[in-house]
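S.K.: Below is the structure I would like to discuss, written out as structure tokens.
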Amino acid sequence: MLRVAAGLAWRQLTHRGGKLVGALLGVCVAIVLIFTQVGFRNALYDSACGITRSLDTDILIAGATFHSWGDAPPWLPRALLYEAASVPGIKSAHPLYVSAIQTSSPVDGHSMSTSLLAFPSHAPVFLKPEINAQLDILTVPNRVLMDRKSRDDFQVARERFEKTGQLTLTLLGAAESLQKTVEVPGLFQIGPSFSIDGTMVTSDMNYHRITGIPLDRISLGLIRVADGADPARVKAAIEAKLGTRARVFLKSEFMDNEIHYYSRETPIGTIFNMGLVVGTIVGIVFISQALHGIVNDNIREYAALRAVGYSQSFFVMLVSVVSLAISVAAYLPSCLAAWGVYSVAAAATKLPLVMKPINMLTILGVVVVMGQVATLFAIKRLKNANPVDLFG
């Protein structure tokens, strides 16, 4: 029965010619929409975790009211970090300072937002070799490293540095009587996020010179556990010691917290999630239209088959095979089109838009399910119908 249904489905599809191409294009639009929403959602999550992923740490300590890295982390007393460092099983404990600063565009002087990260120059906290190789430079006053993947006019600044080997950026501050400047002696690469166009790294002393924020007010405490120690147990010991005065995360938990924040508590996360729902509904509609066209064009043939004894289950199988063929046929060119969209968007936004194999398989599964849902609507006319009625 399956072979008969597959053969008949193939004949019906190839017989439609241009109509089939039009139907496939509509389904392709829906699939590309789903790919685009998934790609940008993943870019949102990956960019939100980009800095955290590059930190050389096992445990992170944040303020008691900490919500998200992207939601202005509250400052944490540095004394709490030192208190946590007394817990057995800890190899090192270092502060990380984070602040949003404004710099002047080298193009027209408008304000550009950037995230300034700082740490003691004698205690590297990043996994990035290009940052660690330039730590001595950061001991010089007013020196910062700049992310080469920063967006917008930061790209102009990067090009100037690569041409001349020198770059001076002007800092903007309404409370400052004199303009401050910083020198950029080197670059590194992490990438921007949806909310921050660029990132800079410097020493804790330069951080204090630039922002004026006391160094006993840290943004995050970074803990590395000793070799052989269980990070989860060390984390539990730190939580017991600090109580409600701080929040303690494993590195993976910290990144999960960021993803949850952007997915559930920000408008952009909600938009991407709704986009997935809309794309799925549009796909079901387009596949349903294609199936309805095939059913209507072949309704007399179905009646003849019904008259000679073919059951409803055969027609369900037949339409299911047709929908599966449409889904798979539309999926393949949609992958290529989505890859092109990803490439263009990644070049324009500097965001990590990557077509991941797991997402490709997931979307293929969603497309197949879309086709099967559309099948339920397409066979309505055939269900419980008499052959004579079908000829009408």
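S.K.: Of the residues that make up the range 150-157, is at least one surrounded by fewer than 19 Cβ atoms within 10 Å (Cβ to Cβ), of a type in the set (G, A, S) and either over 30 Å from D58 (Cβ atoms) or assigned by TED's automatic domain parsing to the domain that holds G212 (or both)?
M.R.: Scanning the range 150-157 turns up no residue that is surrounded by fewer than 19 Cβ atoms within 10 Å (Cβ to Cβ), of a type in the set (G, A, S) and either over 30 Å from D58 (Cβ atoms) or assigned by TED's automatic domain parsing to the domain that holds G212 (or both).
S.K.: Quick check: anything in the range 334-348 closer than 22 Å to S288 by Cα, not small (G, A, S) and not in a helix (DSSP H, G or I)?
M.R.: no
S.K.: Failed condition for P74, given (1) out of contact with any helix residue (DSSP H, G or I) (no Cβ under 8 Å at 6 or more places or on another chain); (2) modelled with pLDDT under 90; (3) not in a loop (DSSP other than H, G, I, E, B); (4) not basic (K, R), with all others met?
M.R.: With respect to (1) out of contact with any helix residue (DSSP H, G or I) (no Cβ under 8 Å at 6 or more places or on another chain); (2) modelled with pLDDT under 90; (3) not in a loop (DSSP other than H, G, I, E, B); (4) not basic (K, R), P74 is out only on (3).
S.K.: Quick one: is D58 more than 21 Å from D216 (Cα to Cα), in the same structural domain as G221 (by TED's automatic domain parsing) and crowded, with 18+ Cβ neighbours inside 10 Å?
M.R.: yes
S.K.: Search the range 153-167 for residues that are closer than 17 Å to S111 by Cα and pair each with any residue that is among the β-branched types (V, I, T) and surrounded by fewer than 15 Cβ atoms within 10 Å (Cβ to Cβ) when their beta-carbon atoms are under 8 Å apart and the residues are at least 6 apart or on different chains.
M.R.: D153/V107; V156/V107
S.K.: Another one. Can you pull out the residues in the range 210-243 that are surrounded by 14 or more Cβ atoms within 10 Å (Cβ to Cβ) and charged (D, E, K, R)?
M.R.: R217, R224, K235, E239, K241
S.K.: Quick check, is F249 in contact with an Asp or Glu (Cβ under 9 Å, 6 or more places away or on another chain) and more than 30 Å from V182 (Cα to Cα)?
M.R.: Details: in contact with an Asp or Glu (Cβ under 9 Å, 6 or more places away or on another chain): yes; more than 30 Å from V182 (Cα to Cα): yes.
When the stated conditions are applied, F249 passes them.
S.K.: Has the range 90-99 got any residue that is outside any strand (DSSP E or B), at negative phi and either surrounded by fewer than 18 Cβ atoms within 10 Å (Cβ to Cβ) or without any contact (Cβ under 8 Å) to a residue 12 or more places away in the chain (or both)?
M.R.: Kept after step one, since they are outside any strand (DSSP E or B), are these residues of the range 90-99: none.
No; the residues of the range 90-99 include none that is outside any strand (DSSP E or B), at negative phi and either surrounded by fewer than 18 Cβ atoms within 10 Å (Cβ to Cβ) or without any contact (Cβ under 8 Å) to a residue 12 or more places away in the chain (or both).
S.K.: Name the residue, out of V285, V277, that is under 23 Å from V27 (Cβ atoms), hydrophobic (A, V, I, L, M, F, W, C), assigned by TED's automatic domain parsing to the domain that holds A338 and surrounded by 13 or more Cβ atoms within 10 Å (Cβ to Cβ).
M.R.: V285
S.K.: Just checking, which of D256, D227 is of a type in the set (D, E), in the same structural domain as G70 (by TED's automatic domain parsing) and under 24 Å from L44 (Cα atoms)? Reasoning before the result, please.
M.R.: Working: D227 fails: under 24 Å from L44 (Cα atoms).
Selected residue: D256, the only one of D256, D227 that is of a type in the set (D, E), in the same structural domain as G70 (by TED's automatic domain parsing) and under 24 Å from L44 (Cα atoms).
S.K.: Of the conditions (1) surrounded by fewer than 20 Cβ atoms within 10 Å (Cβ to Cβ); (2) over 14 Å from the mean Cα position of the chain (by Cα); (3) touching a residue at least 60 places away in the same chain (Cβ under 8 Å), A246 satisfies every one except a single condition; which number is it?
M.R.: Looking at each condition in turn, A246 falls short on (1).
S.K.: Select, from D147, D71, the only residue that is surrounded by 18 or more Cβ atoms within 10 Å (Cβ to Cβ), within 19 Å of S47 (Cα to Cα), touching a Phe, Trp or Tyr at 6+ places or on another chain (Cβ under 9 Å) and among the charged types (D, E, K, R).
M.R.: Result: D147 is the single residue among D147, D71 that is surrounded by 18 or more Cβ atoms within 10 Å (Cβ to Cβ), within 19 Å of S47 (Cα to Cα), touching a Phe, Trp or Tyr at 6+ places or on another chain (Cβ under 9 Å) and among the charged types (D, E, K, R).
S.K.: Please enumerate the residues belonging to the range 342-356 that are surrounded by fewer than 17 Cβ atoms within 10 Å (Cβ to Cβ) and at pLDDT 90 or above.
M.R.: Once the filter is applied, which keeps residues that are surrounded by fewer than 17 Cβ atoms within 10 Å (Cβ to Cβ) and at pLDDT 90 or above, the range 342-356 yields S343, V344.
S.K.: Looking at the range 110-121, which of the residues that are part of a loop (DSSP other than H, G, I, E, B) and touching a residue at least 60 places away in the same chain (Cβ under 8 Å) is surrounded by the most Cβ atoms within 10 Å (Cβ to Cβ)?
M.R.: So the residue we want is S121.
S.K.: Now, a different point. Going residue by residue through the range 77-84, is there one that turns out to be modelled with pLDDT under 95 and either assigned to a loop (DSSP other than H, G, I, E, B) or closer than 24 Å to D197 by Cα (or both)?
M.R.: The answer is no, given that none of the residues of the range 77-84 is modelled with pLDDT under 95 and either assigned to a loop (DSSP other than H, G, I, E, B) or closer than 24 Å to D197 by Cα (or both).
S.K.: Which of (1) modelled with pLDDT under 90; (2) surrounded by fewer than 21 Cβ atoms within 10 Å (Cβ to Cβ) is the odd one out, the single condition G63 does not satisfy?
M.R.: So the condition that G63 fails would be (1).
The values are calculated or read from the model by the stated rules, or taken from the named source; none is laboratory data. These numbers come from a predicted model, not from an experiment. Reconstructed Cβ throughout: ideal geometry from the backbone, glycine too, with neighbour counts over all protein chains shown.
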